[in-house]
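The values are calculated or read from the model by the stated rules, or taken from the named source; none is laboratory data. Not measured: the values here are computed from a predicted model. Methodologically, a virtual Cβ is constructed for each residue, glycine included, from the backbone with ideal geometry; neighbour enumeration extends over all protein chains shown. Just the protein is used for accessible areas: all its heavy atoms, side chains included, with ligands, DNA and RNA removed. Shrake-Rupley method; radii C 1.70, N 1.55, O 1.52, S 1.80 Å.
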Amino acid sequence: MTKKILITGGAGFIGLNLANKLANIGYKVDIADNFNRAIKDNFLENCISKNNISLKKIDLLDEIEVLSMDKDYHAIFHLAAIIGVKHVLNKPFSVLHDNIKMLTNIIELSHLQEKEFKRLLFSSTSEVYAGTLNYFDMKVPTPENTPLTVSDLTHPRTSYMLSKLYGEALCHHSNLPFTIFRPHNIYGPRMGMSHVIPEQLRKAYFAKEGDRIEVFSAEHTRAFCFIDDAIEMLTIILADKKCEGLTLNIGSESPEISILQLVSECHKIMNKKLKISSIDGLSGSPARRAPDMKQTQKILNFKSQIGLTDGLKETFRWYKDNVFENEGNSAI
């Protein structure tokens, strides 16, 4: 009997790549999305044209609608959430309310599944470490067992971290088999334009030789992980019972590079010499972020395979062909 997987937020960047991977290795996949952020593009159309991937347009805030979904899922990946700094800053109450409401509805749906249900896999965030980084001498790269501290509750950006931290607690007390994963700076084709890599690729692509490019928080450092590596980790987590009950970082531990170095690498890919002006970034953005991947690598017997240069080249090729030259759409 073919195992069936539900992926909420499944038309988005990580969700659709995950659906495509799981379908290719024999799972039947339902992707649920309300298309507030995701778009119906050729990649989505190609995925849902496969016999083992289907699309369900659904409002995950509607409890009746959610609980009317199928009851024979092998596992559920809950990726749906209000994300993105711009969205979080503009509507922090909705972030808190809606992210938790969607998860509680999915937990209830999980409880209604038949006895073959094996796991709820909850997408948390690297933002849960932000308070500890702000107020204490936090280790970077950061392991999963780092004590977590809440950031300033009056700051709108805290709302996203709180919704995910509360979501992790809900998973622990749900009486369900679960795995929590914390993605760290996953990038790649079709990730949307509201992220540093596609944004800088766009600026460099349309710039003339010698132009000056503005870069936010150039001194901040990040460790980036290409989408294919992240999807491989999630696929192994789904199949490996040892991951049940665990919280795992998803990402690459190294190289941890500055945003300035990242932008310079983008310019090299296009063989352009451009000037860089560093300007202050958005309030609340952490100065450093890199995951300690020792636990994940040990349990999964896997580490990131795709280097930053190769990943950036693949990402640029996709954006050049699908967005920059053809004026196509990408997720907001």
Find how many whole Å separate the alpha carbon centroid of region 47-78 from the alpha carbon centroid of region 179-215.
30 Å
Cβ charges +1 (Lys, Arg) and -1 (Asp, Glu), total dipole of the chain, debye:
500 debye
Okay, which of region 279-309 sit inside 15 Å, backbone N to the point 7 Å along the Cα-Cβ direction of Lys21?
296-297, 300-307
Pair Ser68, Glu199: separation of 7 Å Cα→Cβ label points (nm)
4.0 nm
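How many percent of DSSP beta bridges within the chain run antiparallel, rounded to 5? Please report the intermediate quantities before stating the final value.
On the way: 3 of 39 bridges.
Percent antiparallel among DSSP bridges in the chain is about 10.
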Run through region 111-173 and list the trypsin sites (Lys or Arg not before Pro) located in a DSSP loop whose Cβ has at most 10 other Cβ atoms within 10 Å.
Lys115
Need one number: nm distance between label points at Ile299 and Lys242, each 7 Å from Cα along Cα→Cβ, rounded to one decimal.
1.0 nm
Highest-fluctuation residue, Pro147, Pro189, Pro198 considered, GNM on the chain with Cα pairs under 10 Å:
Pro147
Placing +1 on each Lys and Arg Cβ and -1 on each Asp and Glu Cβ in the chain, then taking the dipole about the Cα centre, the residue among Leu61, Tyr319, Phe178 whose Cα reaches farthest towards the positive end is Tyr319
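Fully extended, how many nm does the chain gain between His173 and Asn134 (0.36 nm per residue separation, minus their Cα-Cα distance)?
Values: separation 39, 0.36 × 39 = 14.04 nm, distance 2.80 nm.
Extending this stretch completely gives an extra 11.2 nm.
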Using a probe radius of 1.4 Å on heavy atoms only, what accessible surface per residue do you get for region 211-316? Whole Å² is fine.
47 Å²
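Below 8 Å, C-alpha to C-alpha, sequence gap of six or more: please give me the relative contact order for region 143-277 in percent.
Working: 145 pairs, mean separation 47.8, N = 135.
Dividing the mean separation by the residue count of region 143-277 yields 35 percent.
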I want to check the label-to-label distance for Met270 and Ser94. Put each point 7 Å from Cα in the C-beta direction and report it in nm to one decimal.
3.2 nm
If I ignore ligands, DNA and RNA and count only protein heavy atoms, how much of Cys171 is accessible to a 1.4 Å probe, in Å² to the nearest 10?
0 Å²
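Just the number, please: carbon plus sulfur as a percent of the accessible area of the chain, 1.4 Å probe, no ligands or DNA/RNA counted.
Details: 7670 of 15290 Å².
After summing per-atom areas, the C and S share lands at 50 percent.
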